Amino acid sequence: MTHLTPALNAERRRALQLLGVTAFSWALASRYAQAQPSAVQGPELLRIGYQKSAVNLVILKQQGVLEKRFPGTRISWLEFPAGPQLLEALSVGSLEFGLTGDSPPVFAQAAGKDLLYVGAEPPKPDSSALLVLRDSLLRTLADLKGRRIAVQKGSSAHYLLVRAVEKAGLQWADIQPVYLAPADARAAFERKSVDAWAIWDPFYAATELAIQPRVLATGRDLASSNNSFYLAARPFVQAHPQVLRVLFEELSRADRLAQEARKDAIKLIADFSGLDAGVVSLFIQRRPSSPVGLLSTATVADQQRVADAFFKLGLIPKPVNVADIVWRPAVAQLAAATSKP
């Protein structure tokens with residue numbers, strides 16, 4: 001048996017520590033290298049909107065995967081605090097592609113914005129909640145009557161609050177919604193300017209760890225699927241359907257990496273987002289495996305229920321048919337083929 005000197009042992013320990021620090025980067029590089037996906041012709045510019053909770057997009061951004069797949073494309077990444085702001089940018093031509101929760105596309109469609117649902121991730125019902133402070137007198141959903149509740153207007157948490165009011169047997173007019181972006185909502189929540197807060201991860205996880213509020217109800221309690229949707233500008237979809245295929249392929253690959261190397265993925269996301277690793281760990285635990293695919297019939301029906309609920313309450317100006325703006329590539333290809341002379 002060969003015996004190492006103390007100096008060599010120390011050197012070996014330092015080398016192993018270095019390998020541990022860089023293991024995830026090497027693992028990602030190795031996995032992508034094994035597949036060696038081919039480069040694809042893309043647009044001159046691809047602007048992608050994302051939020052801190054967009055795990056798959058964050059991994060792609062940090063690893064430069066899309067830059068490799070689309071070598072002739074300038075890719076720009078733009079962060080948004082919530083879905084409504086992201087879809088507004090998409091609708092005015094400042095983005096080509098982005099990820100939001102369930103409610104923002106409903107409000108955008110009702111406002112006549114020209115965009116398409118192109119993909120979806122599985123439901124995340126545990127990733128949103130209605131919070132109250134630990135010393136709050138509110139104990140049940142019925143206690144929301146007459147209370148001020150912070151929520152980002154048009155966000156997935158908006159629908160969560162709609163479901164909470166319905167389950168409590170209340171009318172929308174029975175509560176006082178206070179429309180605030182997440183950062184402002186948390187400040188109002190902590191200083192008791194509002195009585196409750198409807199919010200999603202990672203803001204939910206960050207607040208949970210920082211001040212230990214009570215959870216009055218989660219999306220699972222309220223039968224709110226909290227679906228995540230990829231949306232794109234119609235001209236982009238029509239001109240570059242092959243780009244969407246590659247995007248979904250790489251987003252699903254990124255999700256597999258996050259599932260297989262959870263600890264390292266947490267560090268990667270924490271380093272990028274500036275969030276505490278404990279916060280990232282908590283919200284990742286609540287996130288199921290999230291490969292990306294086209295919208296199923298069941299998902300469209302679920303999203304239609306969201307739209308119908310908002311119209312019933314007068315929160316959107318007109319009814320919308322979700323299926324009208326769902327991308328169906330097979331149908332689009334058939335239409336293109338039959339329109340040729």
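Cα centroids of the stretch 292-323 and the stretch 227-247: 19 Å apart. Other residues within the sphere of radius under 12 Å centred on the Cβ of Tyr50, judged by their own Cβ, net out at +2 (K and R +1, D and E -1). Placing unit charges on each Cβ (+1 for Lys and Arg, -1 for Asp and Glu) gives the stretch 155-285 a dipole about its Cα centre, and among Ala210, Ala185, Phe229 the Cα reaching farthest toward its positive end belongs to Phe229. Per residue, the accessible area of the stretch 86-132 comes to 21 Å², computed with a 1.4 Å probe over protein heavy atoms only.
Within 15 Å, Cβ to Cβ, of Ala188, how many net charges do the neighbouring residues add up to if Lys/Arg are +1 and Asp/Glu are -1? Counting the neighbours of Ala188, the net charge comes to +3. Were the residues from Gln41 through Ile211 laid out at 0.36 nm apart, the gain over their Cα-Cα distance would be 56.3 nm. Dipole check for the chain: with +1 at the C-beta of Lys and Arg, -1 at the C-beta of Asp and Glu, and the Cα centre as origin, the magnitude is about 300 Debye. Accessible surface computed residue by residue for the stretch 153-194, with neighbouring protein chains in place and a 1.4 Å probe, gives 44 Å² per residue. Exceedance of the 26 Å cut-off in Cα-Cα distance is limited, within the set Lys52/Lys318; Lys52/Lys113; Lys145/Lys312; Lys61/Lys153; Lys52/Lys153; Lys167/Lys192, to Lys52/Lys318; Lys61/Lys153. Largest mean-square fluctuation among Tyr204, Tyr179, Tyr117, in a Gaussian network model of the chain whose springs join Cα atoms under 10 Å apart, belongs to Tyr179. In the chain, the portion of solvent-accessible area held by carbon and sulfur atoms comes to 55 percent [1.4 Å probe, whole percent, DNA, RNA and ligands not counted]. When you restrict to C-alpha pairs under 8 Å that are six or more residues apart and normalise by the size of the chain, the relative contact order lands at 23 percent.
Computed with every protein chain present, the accessible area of Ile211 is close to 60 Å² [probe 1.4 Å]. Most mobile of Trp200, Trp327, Trp77 per a Gaussian network model of the chain (Cα springs, under 10 Å)? Per the Cα network of the chain with a 10 Å cutoff, Trp77 tops the list. Looking at the chain alone, DSSP beta bridges between its own residues are antiparallel in about 55 percent of cases. Working note: 222 nm ellipticity from helices only, DSSP H runs with n ≥ 4, each -39,500 (n - 2.57), summed and divided by the residues of the chain, gives -15000 deg cm²/dmol to the nearest 500. When each of the peptides 293-299, 80-86 is scored by the mean number of other C-beta atoms lying within 10 Å of its residues, the order from highest to lowest reads 80-86, 293-299.
What is the distance in Å between the Cα centres of the stretch 182-210 and the stretch 89-123? Value for the Cα centre distance between the two parts: 25 Å. Each principal axis of the Cα cloud of the chain was evaluated for its coordinate range; sorted largest first, these ranges are 77, 70, 30 Å. Accessible surface for the stretch 256-307, divided over its residues, is 46 Å² per residue with a 1.4 Å probe. By the combined test of axial Cα extent (at least 24 Å) and Kyte-Doolittle hydropathy (mean at least 0.0), the qualifying DSSP H helices of the chain come to 6-35.
The values are calculated or read from the model by the stated rules, or taken from the named source; none is laboratory data. Here the structure is a predicted model, which is why all the values come from computation and not from measurement. Ideal geometry is used to build each Cβ from the backbone, glycine not excepted, and the neighbour counts take in all protein chains shown. Please note that ligands, DNA and RNA were not included when accessible areas were found on the heavy atoms of the full protein model with its side chains. Shrake-Rupley method; radii C 1.70, N 1.55, O 1.52, S 1.80 Å.
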